[in-house]
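Data block below; observations after.
The values are calculated or read from the model by the stated rules, or taken from the named source; none is laboratory data. Since the structure is predicted, the reported quantities are computational estimates derived from the model, not experimental observations. Quick reminder, even Gly has a Cβ in these numbers, built from the backbone with ideal geometry, and neighbours come from all protein chains shown.
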């Protein structure tokens, strides 16, 4: 599939994509939000870089349960979409992959670059928007997002972009909020409760900039049927789907979701997809 970047050469890891006049509002807002929040994520980034086994999502579910990464990635070129501090990219590099990470926040990437040097790994890190990645068509075998593009980019844009970037039979795996968390979050921005506060049908953009509690950022999600239609329309085949449950021994609040809530209802979802041949 020809794409708008098909003739653009890959950048090196010092490239800084300056904001263009036509940059979408959500990209501008989320860049500012995550640049300000970057110091809050340094400690967790350092822990995840040092982890012996990958753990996923807000509940820290081990890779041995989810199997989101191929055990051997030595023949694969991989991209992390919304890499943040870069720990998922590091996990893939340790499994042998040639890895590119792209993130909207330059401040997050500063942490990622520091930890790349500290752990003596080779990663290509790009400052930019995962809805428009400056790599040619069919550059990657594997793409992944954990709370990066998965929730902060418009799926109508980033899903077709991943399809463009993947080689035939390439894999996309992404983890983000379950649609239930969007409709069970009160208008104040308080933690999820047992009421439905927003319509399910027609969901797309969730703007949290003006809520009373923990304001900031513009997220995206779709109904499950809309996700499936988008995948089919784009040319991505569903391989697996996980609705994640909090472990029974976790009760505290994590990112506006309590362990008790997430033991009864899914707070996170994982999609595993493959590009058609």
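Observations, loosely collected:
- Unique residue being within 23 Å of residue 252 (Cβ to Cβ) and not in a loop (DSSP other than H, G, I, E, B) when the list is 190, 182, 112: 182
- Hits in the range 202-216 (condition: touching a residue at least 40 places away in the same chain (Cβ under 8 Å) and touching a helix residue (DSSP H, G or I) at 6+ places or on another chain (Cβ under 7 Å)): 209, 216
- Odd one out for residue 219, checked against (1) closer than 25 Å to residue 44 by Cβ; (2) free of Cβ contacts under 8 Å to residues at least 40 places away in the same chain; (3) crowded, with 17+ Cβ neighbours inside 10 Å: (2)
- Residue in the range 117-155 that is surrounded by the most Cβ atoms within 10 Å (Cβ to Cβ), counting only those that are out of contact with any helix residue (DSSP H, G or I) (no Cβ under 7 Å at 6 or more places or on another chain) and in a helix (DSSP H, G or I): 150
- Among the residues of the range 65-87, those that are crowded, with 24+ Cβ neighbours inside 10 Å and either more than 12 Å from the chain's Cα centre (by Cα) or closer than 14 Å to residue 48 by Cβ (or both) comprise 78, 80, 83, 84, 85, 86, 87.
- The condition of being touching a strand residue (DSSP E or B) at 6+ places or on another chain (Cβ under 9 Å), surrounded by 12 or more Cβ atoms within 10 Å (Cβ to Cβ) and either farther than 25 Å from residue 245 by Cβ or at pLDDT below 95 (or both) does not hold for residue 178.
- Among the residues making up the range 183-201, those that are over 16 Å from residue 264 (Cα atoms) and either touching a residue at least 12 places away in the same chain (Cβ under 8 Å) or buried (at least 17 other Cβ atoms within 10 Å of the Cβ) (or both) are 187, 188, 189, 190, 197, 198, 199, 200, 201.
- Scanning the range 256-277 for residues that are touching a strand residue (DSSP E or B) at 6+ places or on another chain (Cβ under 9 Å), within 29 Å of residue 188 (Cβ to Cβ) and at pLDDT below 95 yields no hits at all.
- Scanning the range 106-133 for residues that are closer than 23 Å to residue 161 by Cβ and out of contact with any strand residue (DSSP E or B) (no Cβ under 7 Å at 6 or more places or on another chain) returns 108, 129, 131, 132.
- Inclusion of residue 172 among residues that are part of a strand (DSSP E or B) and in contact (Cβ under 8 Å) with a residue 24 or more places away in the chain is warranted.
- When residues in the range 206-228 are screened for being assigned to a strand (DSSP E or B) and over 20 Å from the mean Cα position of the chain (by Cα), 0 of them pass.
- Applying the set (1) more than 19 Å from the chain's Cα centre (by Cα); (2) within 24 Å of residue 67 (Cβ to Cβ); (3) without any contact (Cβ under 8 Å) to a residue 60 or more places away in the chain; (4) not in a loop (DSSP other than H, G, I, E, B) to residue 249 leaves exactly one unmet item: (4).
- Flag if residue 224 is in contact with a strand residue (DSSP E or B) (Cβ under 9 Å, 6 or more places away or on another chain) and either free of Cβ contacts under 8 Å to residues at least 24 places away in the same chain or closer than 25 Å to residue 66 by Cβ (or both): yes
- Flag if residue 261 is over 21 Å from the mean Cα position of the chain (by Cα) and either assigned to a strand (DSSP E or B) or buried (at least 19 other Cβ atoms within 10 Å of the Cβ) (or both): yes
- Filtering the range 69-107 to residues that are out of contact with any helix residue (DSSP H, G or I) (no Cβ under 8 Å at 6 or more places or on another chain), assigned to a loop (DSSP other than H, G, I, E, B) and farther than 16 Å from residue 140 by Cβ leaves 71, 72.
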